[in-house]
C-alpha cells in the first residue's frame, strides 16, 4: 500500500512539473515580443489627443503630397496593449512611452484589406522594437 502511495505522489509531482513547464513555454511563445508583425514602421508623429500614431517606412519611396512620408496611421484605444521589447521579453508600456523615431511592430484588431493610403489601422497590440 505504501508503494502505491509513493508511486502516485511521484506521478503527481512529475505531472505538475510537466504542466508548469508547458505553461511557461506557451506564455513565452505567445509573447508579442517574439512574434513577427505584419505591420511595422518608424514613428513620424504622435497625436495624443486623438490617440493616433503616424508611421512611415524608411525604405518606402512613395511620398504623398498631403501626408508626406506617412504610410500608416495607427489608432489606439484603452484596449490597445503596448509593450517595449527587451530581447524576447516584453515590458508593459503606454502611449506616453512612444516617441518619434522609434520602430514599432503593430498587430491590428482585425485583418485589413488595403484600399486606402495611408493605411488606417486600429491596433490591438503595439511593440516598441527599437
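The values are calculated or read from the model by the stated rules, or taken from the named source; none is laboratory data. Note that the structure is a prediction, hence the values are computed from the model and not measured. Every residue, glycine among them, receives a Cβ derived from its backbone with ideal geometry; neighbour counts consider all protein chains shown.
Between 109, 99, which is surrounded by fewer than 16 Cβ atoms within 10 Å (Cβ to Cβ), out of contact with any helix residue (DSSP H, G or I) (no Cβ under 7 Å at 6 or more places or on another chain) and without any contact (Cβ under 8 Å) to a residue 40 or more places away in the chain?
Testing whether each residue is surrounded by fewer than 16 Cβ atoms within 10 Å (Cβ to Cβ), out of contact with any helix residue (DSSP H, G or I) (no Cβ under 7 Å at 6 or more places or on another chain) and without any contact (Cβ under 8 Å) to a residue 40 or more places away in the chain leaves just 109.
Just checking, which of 91, 59, 28 is touching a strand residue (DSSP E or B) at 6+ places or on another chain (Cβ under 9 Å) and at pLDDT below 90?
28
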